[in-house]
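Here's the structure we're looking at; comments come further down.
The values are calculated or read from the model by the stated rules, or taken from the named source; none is laboratory data. Since we're looking at a predicted model, the values are computed, not measured. Positions of Cβ are backbone-derived with ideal geometry, glycine not excepted, and every protein chain shown enters the neighbour counts. All accessible areas refer to the heavy atoms of the entire protein, side chains included, with ligands and DNA or RNA removed. Shrake-Rupley method; radii C 1.70, N 1.55, O 1.52, S 1.80 Å.
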Amino acid sequence: MLWDWSYAFEILPILAQASLVTIQATLLGFVLALVLGLVFALLRMAKSPWIALPVATLVEFIRSTPLLIQIFFLYFVFPEFGVSLDAFTAGVIALGLHYGTYCAEVYRAGLDNVPRGQWEASTALNLSPFHTFRDIIIPQAIPPVVPALGNYFVALFKETPLLSAIAVLELMQQAKILGSTTFRYIEPITLVGLFFLLFSLVASALIRMVERRLNRIGAR
Amino acid sequence: MVMRKLVVVAVVSFSAGLAVASFAGFREFIPGLLEGALVTIQITLAGAVVAVICATVAGLAKMYAPWPLRWLAVVYIELFRGTSALVQLFWLFFVLPLFGVTLAPMTVAIAALGLNIGAYGAEVVRGAVAAVPRGQWEATTALNMSRTQALRRIILPQAFVAMIPPWGNLFIELLKSTALVSLITISDLAFRAQQMNQTTFRTLEIFTIVLVIYLAIASIITVGMRALEQKAVGAMVRGRGH
Amino acid sequence: MTVQPMVKFDGVTKRYGALTVLDSLDLEIMPGEKVAVIGPSGSGKTTVLRMLMTLEKINDGVIWVDGEPLTHMHKDGRLVLADAAHLRRMRGKIGMVFQHFNLFPHMSALKNCMEAPVTVLKLSKEEARARAVELLEMVGLADKLDHYPAQLSGGQQQRVAIARALAMRPKVMLFDEVTSALDPELVGEVLNVIRRLGSELDLTMLMVTHQMGFAREFADRVCFFYGGKIAEQGPPEQIFGQAQNERTRQFLSACLEAI
């Protein structure tokens, strides 16, 4: 018998424990991504090319290189400068930074879709740039891109197993430890896979629901 | 325009990185890293072939195949899009041997990454085929072509053009995900970086060079896909007229 | 012996959900006859062509082409719905030209006309090319063989589409509002080509058109559709001269005002 049910049930609580770390890393990483993404997006829109161009280059750079290397980079390089990050923090920052660049693109699309007339009307009303952004532009730019952001939330979640490479005790790392101590890999890794599948399917369904609701609001 | 800028930046920073590295006495890193880069490029190319084949078969099966095949395609797409690339890689690496199937790590790497990107590619194929105007299908019916003939000669060549930019993005994702294979003992670029880091502790230099090499490969992919797109659009002579 | 009709609609009904687009249509078209179908939009006139081209399934009745059932086939002495093989055999008798041309944008004018003869009729490349060149010459595009659709004007594209349909040697040609998408100054060149086909080829033609002048001059018979039925039909002199039906008169006078 390849699959051992009693073993699977035995390790389930251990994996459930580890999944909490996965979920924490996902939530913290995504909050960071949302904030950094907005910062990137706004800086890229800066009038001065001395700000816009380096930021654009940095965003392209982070987007085009592997997350795994970025995780290593943060984890191993910072101690050289005397800043020691624990593995979890380094991992969350790397996730947030990497997906921040994706979110930046999404925000940018959202901002581009706000009609020019909204800017002109704000100028005509003599609103400051800050208030124009906060009260007029952002509230119109964000709702339509919520589904796209949601997709990146799921994508970020699916990349958390990379944190196992720097020994963060999340799901994948726990599964590997279980596998190496009992030499039974099939149950832990399959269970981890099922956990991700379940979460992704539920999340995708939720995103589609939000999308439909937004469409209905938009149609009104 | 942005892309051209990016390429310039990539090339400049790559040469700058190389220069800095050699002047500062990091020359010993370069050959090892370039060997690793070669493995990374091999996996990316082979994975891309697997991905394109899987995506085309699954995407078309999801649209046109009889229900058992269609169902299979949907399961494949959802399964590989719904779980992590790393989980898939480990599953093939650790679990397949338990079924008596032992594959070389390189084969596992190419299969896992190819299947993963292929699942995303299937949606690209489906979307591009669905976007071909209905009138094109109607014209093939009026000319008494079979569905297969229509798909192969009329619909797919038109969908192909629309597929190129999203495939460019997927190939970059593929390149990035090749770093995962270092975790199943393949000595790709990421693996070499880790290894050198552990022996020399010149972390900043090594990882900077490695990131720049990845960026350079990504830029080549981007530029190549741009060129392909321009050629494909040129063959269709800009737009479909009225 | 009486001549058999080339096309025969026998109690054909087409519904979209609760909406009945065509209500038990009976229509016979004789070989070589040129029939113009006119009527307000939504009257079901385009649906007639699309059903005949098998682009739409019918809900009731039978369509016959050249003495054989198109939508159905004989099986154990009964008529059953046609399978794909039967449809493909029957479709060979029919050609269609669309309002929006539907040329293949990735192929030159010549390749557009060669594609189906090669893949479907299995002609050799040389035969298909000779046939395509001859037809493109006939529609006045001998100098545009290697042009892509995007390089051609609307009128030229539509003439390529006509040549492409003719290359399959159909017995029945369907024209679905073929000048509606054209700029006014390009309408004439397309109508001239159709006139030429009418006089030089032995084709049965069925056309949906808004060009009342052309219908009057060219057609043997005009069918006025209203609300999914043929409200009135007859020779052009009768329809355009002394229409019996009130709806026909209203429609035609509205058309005249538009000019």
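Checking B:140, B:83 one by one, the residue that is within 30 Å of residue C:52 (Cα to Cα), out of contact with any His (no Cβ under 8 Å at 6 or more places or on another chain) and buried (at least 23 other Cβ atoms within 10 Å of the Cβ) is B:140 and no other. Does the range B:55-75 include one or more residues that are within 19 Å of the chain's Cα centre (by Cα) and open to solvent by 40 Å² or more (accessible area, probe 1.4 Å)? Yes, the conditions are met somewhere in the range B:55-75. Evaluated against (1) farther than 19 Å from residue B:13 by Cβ; (2) surrounded by 17 or more Cβ atoms within 10 Å (Cβ to Cβ), residue A:66 falls short on exactly one condition, (1). Tell me which residues, restricted to the range A:69-83, are open to solvent by 10 Å² or more (accessible area, probe 1.4 Å), within 22 Å of residue A:160 (Cβ to Cβ) and more than 7 Å from chain B (Cβ to nearest Cβ). Residues satisfying the conditions are A:70, A:74, A:75, A:78. Confirm whether residue B:197 is within 14 Å of chain A (Cβ to nearest Cβ), without any contact (Cβ under 8 Å) to a residue 60 or more places away in the chain and under 17 Å from residue A:63 (Cβ atoms). No: the conditions fail for residue B:197. Within the range C:44-56, which residues are on the phi < 0 side of the Ramachandran plot and out of contact with any helix residue (DSSP H, G or I) (no Cβ under 9 Å at 6 or more places or on another chain)? Within the range C:44-56, C:45, C:46, C:47, C:48, C:49, C:51, C:52 meet the criteria. Within the range A:117-159, if we keep just the residues that are open to solvent by less than 20 Å² (accessible area, probe 1.4 Å) and closer than 20 Å to residue B:80 by Cα, the residue that is farthest from the other protein chains (Cβ to nearest Cβ) turns out to be A:150.
From the list B:150, B:131, B:162, which one is open to solvent by less than 50 Å² (accessible area, probe 1.4 Å), of a type in the set (Gly, Ala, Ser), more than 10 Å from chain A (Cβ to nearest Cβ) and without any contact (Cβ under 8 Å) to a residue 40 or more places away in the chain? When all the criteria are applied, what remains is B:150. Looking across the range A:192-207, the residues that are free of Cβ contacts under 8 Å to residues at least 40 places away in the same chain and open to solvent by 60 Å² or more (accessible area, probe 1.4 Å) come down to A:194, A:198, A:201, A:202.
Against the numbered list (1) small (Gly, Ala, Ser); (2) more than 17 Å from the chain's Cα centre (by Cα); (3) surrounded by fewer than 22 Cβ atoms within 10 Å (Cβ to Cβ), residue B:168 comes up short only at (2).
The single condition from (1) within 13 Å of another protein chain (Cβ to nearest Cβ); (2) touching a Leu at 6+ places or on another chain (Cβ under 7 Å); (3) not polar (S, T, N, Q) that residue B:54 fails is (1).
Evaluated against (1) among the aliphatic types (A, V, I, L, M); (2) in contact with a helix residue (DSSP H, G or I) (Cβ under 9 Å, 6 or more places away or on another chain); (3) more than 9 Å from chain A (Cβ to nearest Cβ), residue B:227 falls short on exactly one condition, (2).
Per the listing A:177, A:189, the residue uniquely among the aliphatic types (A, V, I, L, M) and surrounded by fewer than 18 Cβ atoms within 10 Å (Cβ to Cβ) is A:177. Of the listed requirements (1) touching a residue at least 40 places away in the same chain (Cβ under 8 Å); (2) within 7 Å of chain B (Cβ to nearest Cβ); (3) out of contact with any Leu (no Cβ under 8 Å at 6 or more places or on another chain); (4) of a type in the set (A, V, I, L, M, F, W, C), residue A:162 misses just one: (3). Out of curiosity, is residue C:146 closer than 24 Å to residue B:132 by Cα, acidic (Asp, Glu) and open to solvent by 10 Å² or more (accessible area, probe 1.4 Å)? Spelling it out, residue C:146 is indeed closer than 24 Å to residue B:132 by Cα, acidic (Asp, Glu) and open to solvent by 10 Å² or more (accessible area, probe 1.4 Å).
Do we have any residue at all in the range C:4-17 that's touching a helix residue (DSSP H, G or I) at 6+ places or on another chain (Cβ under 7 Å) and open to solvent by 20 Å² or more (accessible area, probe 1.4 Å)? So far as the range C:4-17 goes, no, none of its residues is touching a helix residue (DSSP H, G or I) at 6+ places or on another chain (Cβ under 7 Å) and open to solvent by 20 Å² or more (accessible area, probe 1.4 Å).
Just one of the listed residues (A:33, A:46) is more than 20 Å from residue A:173 (Cβ to Cβ), more than 14 Å from chain B (Cβ to nearest Cβ) and in contact (Cβ under 8 Å) with a residue 12 or more places away in the chain, namely A:33.
Within the range C:33-53, not a single residue is open to solvent by 20 Å² or more (accessible area, probe 1.4 Å), within 14 Å of chain B (Cβ to nearest Cβ) and assigned to a loop (DSSP other than H, G, I, E, B). Screening residue B:77 on (1) over 29 Å from residue C:176 (Cβ atoms); (2) within 14 Å of chain C (Cβ to nearest Cβ) shows it passes everything except condition (2). Among residues that are open to solvent by less than 50 Å² (accessible area, probe 1.4 Å), of a type in the set (A, V, I, L, M) and within 14 Å of chain C (Cβ to nearest Cβ), residue B:112 is not included. Within the range A:155-192, the residues that satisfy the criterion of being over 20 Å from residue A:98 (Cα atoms) and in a loop (DSSP other than H, G, I, E, B) are A:169, A:183, A:184, A:185. Does residue B:94 satisfy the condition of being at pLDDT below 90, farther than 18 Å from residue A:198 by Cα and exposed (fewer than 15 other Cβ atoms within 10 Å of the Cβ)? So residue B:94 does not fit the description; no. Among the residues making up the range A:84-105, those that are open to solvent by 10 Å² or more (accessible area, probe 1.4 Å) and more than 14 Å from every other protein chain (Cβ to nearest Cβ) are A:86, A:87, A:88, A:89, A:92, A:93. When residue B:210 is tested against (1) buried (at least 19 other Cβ atoms within 10 Å of the Cβ); (2) out of contact with any helix residue (DSSP H, G or I) (no Cβ under 6 Å at 6 or more places or on another chain), just one condition goes unmet, and that condition is (2).
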